[in-house]
Amino acid sequence: MTEFCDVALPVPLDIVFTYAVPEGMQPVLGGRVLVPFRQQRMSGIVTALHDHNPKVKSKNLISVLDAAPVLDEQLIRLGQWIADYYLAPIGEVFRTMLPLGAEFKKAVGYSITEEGHMALHLAGITGSSARSQKTPEDQLAEFRVLDYLAEREMTREESLEGKINSNQQTLIDTLAAAGGRAPVDALQSLEVPRSTLNTLAKRGLVEIVEEPAEFTVSVLKARPSLFDSQFNLAQQAALKSIQQSVNTRKFAGMLLHGVTGSGKTAIYLSAMRAVLEAGRSAILLVPEIGLTPAVAADLHQLFGEGVAILHSALSNQERAEQWHRIKRGDARMVVGTRSAVFAPVTDLALVIVDEEQDPSYKQEEMPRYHARDVAVMRDKMANAAAVLGSATPSLESYFNAKKGKYKLLELPDRVEQRPLPEVEIIDMRQEFQETGSEQVISRKLAEEIKERLERKEQVMVLLNRRGYSPVVLCRVCGRTLECKNCAIAMTHHKRSRRMECHYCGYTAPVPKACIHCGSEYVYFLGTGSEKLEELLHGMFPQARIGRLDRDTVRGREDFERALNALDEGELDLLVGTQMIAKGHDIHGVTLVGVVGADMALGFPDFRAAERTFQLLTQVEGRAGRGQTPGKVVLQTYFPDHYAVQYAAQHDFTGFYEKELRFRSWMHYPPYSALANVLVRSDKLDEALQWSGILGKWFEKNRHEGIRVLGPAAAPILRLNRDYRYHFVVKSASREKLNTLLRTMLAYAAQQKIPRSQVIVDVDAVWLM
Ligand SMILES: [Zn+2]
Ligand SMILES: [Zn+2]
């Protein structure tokens with residue numbers, strides 16, 4: 001007999017809470033319940049049903065929200081794995097996995113209003129509706145109605161007043177069946193007069209909401225089908241391997257390492273189509289910027305209504321609707337960014353992670369999970385296949401492939417045997433000596449650009465720093481203008497006439513005098529993409545120049561528009577930050593200039609070389625994707641650095657061997673599990689005191705095989721008003737590492753250091 005249930009609540013505590021189950025209520029494992037928690041009502045996920053009387057008296061459930069689980073047994077296990085592996089509170093993990101928050105914000109974004117749900121439900125219980133099956137959504141509607149009644153102390157009979165006629169009923173039922181909302185046009189197919197809708201709206205049972213047009217409408221012209229070209233032998237072999245693994249219904253991890261332009265996307269889509277034809281499900285994860293409207297249009301063309309596209313521009317409401325579509329089995333192909341890894345598909349056969357090295361797969365807030373690694377774990381639980389794809393795999397994934405944990409699938413050639421571009425390195429220190437001044441664009445690059453423009457070919461120039469000038473310096477007192485929230489120099493943005501902090505977004509007016517000493521000798525130093533665009537305009541006044549960075553791109557549509565303009569030949573030259581390096585395919589570009597991509601090499605982060613190598617390789621990959629071979633002019637102050645050298649030679653293996661030796665000496669991943677423990681407070685004293693307390697604890701609790709560095713000031717000491725100190729903890733044994741960190745968290749709680757101020761970032765991708 002179920003007397004109690006354990007509930008995971010979305011609060012920063014590493015425990016579940018026990019509630020008593022009142023007579024007549026039937027909570028289900030993996031379903032949601034509404035409970036009282038600290039003077040609030042909160043919804044949580046049931047993680048256990050039992051009859052062990054807890055020591056403290058437990059409160060009653062308020063209501064049961066789901067008659068069937070919203071998280072199936074596998075997803076619950078996955079959530080528990082995440083909580084364990086990333087040391088994250090289980091309730092926070094479940095909240096992240098379940099994008100249904102919108103359903104609890106009363107009447108916000110719901111087309112059927114509270115009263116509408118009541119009408120719907122009452123119709124159901126009085127028998128005028130023919131719905132036979134109770135879905136979780138019905139259950140939810142029921143909750144909302146009952147909740148509403150309870151709040152207003154009404155009885156069911158009272159609320160039956162104000163009858164609903166059959167037209168109105170039809171309309172409400174249709175809306176409910178469509179997940180609570182539908183386009184007004186779609187209702188025309190019902191044999192219901194338009195006035196019915198207006199009547200319902202007037203009565204407050206339905207609301208009519210105006211929305212922006214469909215996301216999937218693309219500004220691009222229809223693209224030739226991705227299957228038009230024949231697969232080359234390497235592509236065929238890779239596809240065959242993936243399909244064989246899928247068919248075994250056993251876990252298989254694969255790393256698809258293909259040079260830029262080798263046709264990875266076509267393989268992904270073919271493999272997914274085969275899964276769809278077999279009646280099973282597949283998930284394709286893409287990096288944040290990868291999901292443009294054109295890509296969405298392609299996917300619709302290929303999979304029709306069978307695809308759900310989860311991108312970051314969705315409202316909470318839309319996200320919830322997509323979730324229900326997937327849960328019902330209406331969409332079995334799921335494409336999306338990070339959190340799509342939690343899509344509630346059934347019979348999962350395949351998860352593909354495109355550009356698996358992309359840092360956007362790591363969530364930088366609680367729970368700090370890495371979607372690639374969660375995908376692999378989910379596949380293991382589901383006996384499905386995992387394909388990680390990249391031109392520049394992460395060290396971790398390539399290491400796993402070399403050790404035989406993943407099968408390595410290689411695409412060594414570009415499609416149609418197009419050559420990789422020739423890369424010429426320009427030593428900017430020498431350029432300075434020969435020209436006698438600091439150059440932004442070297443003589444060689446200027447000459448090459450001029451040639452391309454004369455030949456009506458296209459050029460991309462990368463400078464991975466946005467804004468006009470990154471530093472404002474006072475020549476009298478030597479100080480810079482820093483953000484008031486962060487220990488970071490503010491960047492001058494010329495067109496918008498303001499100073500901006502690129503970390504917290506704080507803006508300030510452009511200073512006419514030094515804010516520290518009042519001197520008028522303030523200098524704007526360095527070059528960002530905005531200034532580079534201006535410089536290029538000055539050098540090539542005839543050229544049509546566009547810029548692609550976070551200042552010119554507000555959304556995916558802007559991103560696509562700029563690329564489209566380049567593709568259509570409306571631009572001669574495109575300047576931009578790393579955005580221009582991402583995997584798009586524009587055939588007219590024959591020259592790529594790299595003006596600043598090696599700044600990161602100076603960062604105190606063990607992944608700096610890896611990131612620089614990846615960025616250089618990706619941007620090089622934009623050159624020569626059409627008929628004319630490409631060229632890259634790579635300007636650098638570190639011409640001898642191995643990341644630069646290997647990128648110039650397109651030598652992934654060489655880079656990988658060298659970097660791996662360095663990681664091994666320094667006990668960094670993939671040779672160690674690593675966690676960054678950050679202690680933060682808006683009061684410097686507190687941050688110092690807490691990191692001191694934990695420092696002493698780590699000192700006293702030295703464990704064999706665990707290295708603790710710190711406490712040290714974080715490379716960015718102050719961020720978003722918080723002072724930050726950190727520890728880097730490494731161990732060859734992940735189990736030992738996690739045990740130590742868990743004990744540390746318990747000690748921190750004992751010392752009254754708030755959980756939210758001690759951030760444990762397992763497998764951190766940034767140590768800044
Ligand atoms: Zn000054
Ligand atoms: Zn700031």
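The values are calculated or read from the model by the stated rules, or taken from the named source; none is laboratory data. Because the structure is a prediction, the values reported are computed rather than measured. Here the Cβ is made from the backbone with ideal geometry for all residues, glycine too, and neighbour counts use every protein chain on show. Protein only, heavy atoms only, side chains kept; ligands, DNA and RNA dropped before computing areas. Shrake-Rupley method; radii C 1.70, N 1.55, O 1.52, S 1.80 Å.
Here are some notes:
- Residues within the stretch 520-536 that are in contact (Cβ under 8 Å) with a residue 40 or more places away in the chain and within 16 Å of ligand 1 (Cβ to nearest atom), tallied: 5
- Residue check, Gln578 closer than 21 Å to Pro287 by Cα and surrounded by 22 or more Cβ atoms within 10 Å (Cβ to Cβ): no
Condition check ((1) closer than 27 Å to Pro69 by Cα; (2) acidic (Asp, Glu)) across all residues:
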{"position": "Val295", "(1), (2)": "no, no"}
{"position": "Asp298", "(1), (2)": "no, yes"}
{"position": "Gln301", "(1), (2)": "no, no"}
{"position": "Ala308", "(1), (2)": "yes, no"}
{"position": "Ala313", "(1), (2)": "no, no"}
{"position": "Ala320", "(1), (2)": "yes, no"}
{"position": "His324", "(1), (2)": "yes, no"}
{"position": "Arg332", "(1), (2)": "yes, no"}
{"position": "Ser360", "(1), (2)": "no, no"}
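- Residue match in the stretch 478-485 (condition: open to solvent by 70 Å² or more (accessible area, probe 1.4 Å), of a type in the set (Asp, Glu) and either within 16 Å of ligand 1 (Cβ to nearest atom) or touching an Asp or Glu at 6+ places or on another chain (Cβ under 9 Å) (or both)): yes
- Selection status of Tyr110, modelled with pLDDT under 95 and of a type in the set (Phe, Trp, Tyr): yes
- The stretch 628-645, subset outside any loop (DSSP other than H, G, I, E, B) and within 27 Å of Glu451 (Cα to Cα), residue most open to solvent (accessible area, probe 1.4 Å): Gln645
- Residue within the stretch 59-66 that is β-branched (Val, Ile, Thr) and either closer than 30 Å to Ile326 by Cα or not in a loop (DSSP other than H, G, I, E, B) (or both) present: yes
- Gly404 being at positive phi and of a type in the set (Gly, Ala, Ser): yes
- The set of residues in the stretch 514-526 being in contact with a strand residue (DSSP E or B) (Cβ under 7 Å, 6 or more places away or on another chain) and either open to solvent by less than 50 Å² (accessible area, probe 1.4 Å) or part of a loop (DSSP other than H, G, I, E, B) (or both) consists of Cys514, His516, Cys517, Ser519, Tyr521, Val522, Gly526.
- Residue check for Ser496: surrounded by 17 or more Cβ atoms within 10 Å (Cβ to Cβ), polar (S, T, N, Q) and either at pLDDT 95 or above or closer than 23 Å to Arg554 by Cα (or both): no
- Restricting Ala543, Ala608, Ala600 to residues that are more than 16 Å from ligand 2 (Cβ to nearest atom), modelled with pLDDT of 95 or more and surrounded by fewer than 22 Cβ atoms within 10 Å (Cβ to Cβ) narrows the list to Ala543.
- Strands (runs of 3 or more DSSP E) fully within the stretch 444-513 that include at least 2 residues being within 16 Å of ligand 2 (Cβ to nearest atom): 471-474, 491-493, 498-500.
- Residue check, Val471 within 16 Å of ligand 1 (Cβ to nearest atom), out of contact with any Pro (no Cβ under 9 Å at 6 or more places or on another chain) and closer than 29 Å to Val619 by Cβ: yes
This table checks each residue for (1) open to solvent by 10 Å² or more (accessible area, probe 1.4 Å); (2) at pLDDT below 95; (3) basic (Lys, Arg); (4) over 16 Å from the mean Cα position of the chain (by Cα).
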residue: Ile326; (1), (2), (3), (4): no, no, no, yes
residue: Asp347; (1), (2), (3), (4): yes, no, no, yes
residue: Arg372; (1), (2), (3), (4): yes, no, yes, no
residue: Met381; (1), (2), (3), (4): yes, no, no, yes
residue: Ser397; (1), (2), (3), (4): no, no, no, yes
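The rows are residues; the columns are (1) within 25 Å of His370 (Cα to Cα); (2) open to solvent by less than 30 Å² (accessible area, probe 1.4 Å).
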residue: His667; (1), (2): yes, no
residue: Val679; (1), (2): yes, yes
residue: Leu688; (1), (2): no, no
residue: Arg721; (1), (2): no, no
residue: Val729; (1), (2): yes, yes
residue: Arg742; (1), (2): yes, no
residue: Gln751; (1), (2): no, no
residue: Val760; (1), (2): yes, yes
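- Selection count where residues are more than 17 Å from Asp605 (Cβ to Cβ), under 24 Å from the mean Cα position of the chain (by Cα) and β-branched (Val, Ile, Thr), scope the stretch 665-694: 0
- Of residues in the stretch 337-374 being of a type in the set (A, V, I, L, M) and in a loop (DSSP other than H, G, I, E, B), the one nearest to Arg755 (Cα to Cα): Met366
- Residue that is farthest from the chain's Cα centre (by Cα), among those in the stretch 425-442 that are touching a residue at least 60 places away in the same chain (Cβ under 8 Å) and open to solvent by 50 Å² or more (accessible area, probe 1.4 Å): Arg429
- Selection count, the stretch 18-41, where residues are in contact (Cβ under 8 Å) with a residue 12 or more places away in the chain and either part of a loop (DSSP other than H, G, I, E, B) or open to solvent by 40 Å² or more (accessible area, probe 1.4 Å) (or both): 11
- For the stretch 705-719, a residue qualifies if it is surrounded by 16 or more Cβ atoms within 10 Å (Cβ to Cβ) and at positive phi, and exactly one does: Gly710.
- Test: residue in the stretch 417-424 that is modelled with pLDDT of 95 or more and open to solvent by less than 60 Å² (accessible area, probe 1.4 Å): yes
- Of residues in the stretch 236-277 being outside any helix (DSSP H, G or I) and under 23 Å from the mean Cα position of the chain (by Cα), the one surrounded by the most Cβ atoms within 10 Å (Cβ to Cβ): Leu256
- If you go through the stretch 499-519 and keep only what is without any contact (Cβ under 8 Å) to a residue 40 or more places away in the chain, under 23 Å from Gly596 (Cα atoms) and away from ligand 1 (no atom under 16 Å from the Cβ), you end up with Glu500, Cys501, His502, Gly505.
- Verdict on Pro54 being under 30 Å from Lys752 (Cα atoms) and either out of contact with any Asp or Glu (no Cβ under 9 Å at 6 or more places or on another chain) or not in a loop (DSSP other than H, G, I, E, B) (or both): yes
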